[in-house]
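The values are calculated or read from the model by the stated rules, or taken from the named source; none is laboratory data. Quick caveat, the model's predicted, so the values are computed rather than measured. With ideal geometry, Cβ positions are generated from the backbone for all residues, glycine too; neighbour counts draw on all protein chains shown.
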Amino acid sequence: MKQKTMVRFRNPVMLTLLGGAVAGGLAWSLLAVAGSPAQAPQGKHGDASAEQQLAEFQKLRLQPDVTKPPAGLDAAVWAAYVPEDNQMTPERVELGRKLYFDTRLSRDNSVSCATCHDVTRGFTDQRAVSEGIKGQLGKRNAPTTLNTALLQTFFWDGRSPSLDHQARQPILNPVEMGMPDEAAALKAIADVAEYQEGFKKAYGREMNYEDVGRAIAAFERTLVFVDSPFRRFVNGDAAAISAQARAGFELFNGKARCAACHQMNPSNPLGTDNRFHNVGVSARHQNFEGLVKKALKALAEGATEKKLDELAVGTDLSELGRFMVTRNRSEIGSFRTPQILNVGITGPYMHDGSMATLWDVMDHYNKGGEANPFLDGGIEPLALSEEEIDQVVAFLFTLTDVRFAAENQRQYELQKATAKKQRPFRDDAMALRKKLPFEQQVTGGKDKDKGK
């Protein structure tokens with residue numbers, strides 16, 4: 001038996017991270033791995049078929065007793081994330097599972113939750129932005145449904161307060177699943193006998209739209225995947241991650257400043273501060289002031305929940321982020337800090353999916369983001385070397401649950417190969433402060449030093 005050794009941390013921030021027992025104890029050789037996109041047959045929207053996804057889902061070997069907290073999470077912490085009116089039961093989870101994969105909830109019977117949150121693709125679609133009915137493309141990247149049970153707000157702009165509420169919105173969005181109203185969504189499944197019986201068993205009442213959302217959310221609360229090599233490392237297995245990744249962890253908490261927004265602790269293992277920040281992504285191609293004028297006009301005509309959802313998904317006003325919800329100028333271009341668990345398999349990155357690799361993400365932050373009047377005060381050049389960027393990326397790939405080990409390695413190799421060919425966000429002059437923010441705009445000069 002391999003002897004565990006205690007891991008000593010030089011950085012005191014590390015001592016707060018991810019306490020508690022590690023789930024499972026299964027050997028890596030016994031863990032089934034979800035299939036990769038390259039192996040999965042593609043449907044109309046590029047997603048794997050429902051049959052393929054369900055087959056891969058069964059291999060993930062989730063905790064069989066859904067009434068208990070997921071392995072690796074404290075019972076008191078878990079209880080805080082499960083609503084009183086939607087406690088976990090097998091009937092609710094099973095009902096939600098069926099709804100999650102059911103294309104009948106879309107207007108043209110082609111889109112389900114699993115279209116954009118594909119089991120074989122890290123419960124995302126691994127596309128820059130998602131495709132809905134009639135081949136329409138939205139304006140935002142689809143976040144993973146892995147570990148969403150532990151988030152505090154939902155969607156990139158936080159416009160939804162709960163997982164149960166969030167689950168109902170895409171069904172009615174004209175770009176996503178396209179149902180005109182709640183009644184139409186219910187009518188699409190009203191005559192299905194297993195649903196008629198399923199809702200009564202799960203909630204003790206006739207089918208209604210709120211319970212559609214509750215059931216889907218109950219299923220999504222089973223998707224807790226926190227058993228990563230890094231978690232095993234923190235819990236005493238010094239050999240769980242490489243020396244390169246350990247160096248990256250030091251940088252993550254220090255020079256790279258990642259932990260300023262991506263904190264991890266026993267009650268919040270996701271690596272997000274659940275706050276909203278302008279990190280400059282939208283600033284590359286948007287006139288914020290012009291968009292604000294359009295947004296205020298559109299919201300003045302009706303700021304309903306449905307209208308806000310449509311503006312966020314289907315128009316360029318999406319780039320205003322949290323401002324669309326709060327109308328607070330300080331939140332122009334701000335988006336929710338995403339979780340970083342399983343980040344290796346859930347690219348591309350940022351709210352618009354504009355960054356293909358984690359090297360792109362690091363390049364963006366290394367140069368201090370994109371200068372704009374609303375840039376978060378914590379974003380500044382980092383002066384990271386190429387070796388240090390590689391180390392942080394290596395660390396980030398240790399945050400993926402071991403059940404996705406094969407896909408994680410596949411993505412690492414793909415991203416590494418892509419990064420060798422192109423680094424569109426790299427700007428060493430900015431990173432090393434040889435050039436200052438706004439300098440190019442003021443002087444009208446070209447980036448002669450970019451990438452050198």
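Just a few scattered comments:
- Pairs meeting the criteria (first residue in region 423-452 and farther than 13 Å from D363 by Cβ and part of a helix (DSSP H, G or I), second residue modelled with pLDDT under 60 and of a type in the set (G, A, S), beta carbons under 9 Å, at least 6 apart or on different chains) are E439/G445.
- Any chance A142 is closer than 24 Å to F335 by Cβ and either at pLDDT 95 or above or assigned to a helix (DSSP H, G or I) (or both): yes
- Evaluated against (1) surrounded by 20 or more Cβ atoms within 10 Å (Cβ to Cβ); (2) aliphatic (A, V, I, L, M); (3) in a helix (DSSP H, G or I), A184 falls short on exactly one condition, (1).
- Scan of region 55-100 for residues that are hydroxyl-bearing (S, T, Y) and without any contact (Cβ under 8 Å) to a residue 60 or more places away in the chain, ordered by number: T67
- Here the condition is being of a type outside the set (D, E, K, R), surrounded by 16 or more Cβ atoms within 10 Å (Cβ to Cβ) and more than 22 Å from the chain's Cα centre (by Cα); of N408, N372, it holds for N372 alone.
- Subset of region 197-225 (residues that are assigned to a helix (DSSP H, G or I) and touching a Ser or Thr at 6+ places or on another chain (Cβ under 6 Å)): E220
- Residue match in region 231-244 (condition: surrounded by 17 or more Cβ atoms within 10 Å (Cβ to Cβ) and either in contact with a Leu (Cβ under 6 Å, 6 or more places away or on another chain) or under 30 Å from E310 (Cα atoms) (or both)): yes
- Residues in region 247-293 that are touching a Ser or Thr at 6+ places or on another chain (Cβ under 9 Å) and charged (D, E, K, R): D273, R275, R284.
- Yes/no for T400 being surrounded by 18 or more Cβ atoms within 10 Å (Cβ to Cβ), of a type in the set (V, I, T), closer than 30 Å to E56 by Cα and out of contact with any strand residue (DSSP E or B) (no Cβ under 7 Å at 6 or more places or on another chain): yes
- When the helices (runs of 4 or more DSSP H) confined to region 291-383 are screened for residues that are closer than 30 Å to V402 by Cβ and aliphatic (A, V, I, L, M), those reaching at least 2 such residues are found at 358-366.
- Qualifying position, being farther than 29 Å from N328 by Cβ, in contact with a Cys (Cβ under 7 Å, 6 or more places away or on another chain) and touching a residue at least 24 places away in the same chain (Cβ under 8 Å), among I241, I216: I216
- Scope region 264-313; condition without any contact (Cβ under 8 Å) to a residue 24 or more places away in the chain, surrounded by 17 or more Cβ atoms within 10 Å (Cβ to Cβ) and polar (S, T, N, Q); matching residues: none
- Residues in region 178-226 that are in contact with an Asp or Glu (Cβ under 7 Å, 6 or more places away or on another chain) and within 30 Å of V402 (Cβ to Cβ): A217, F225, V226.
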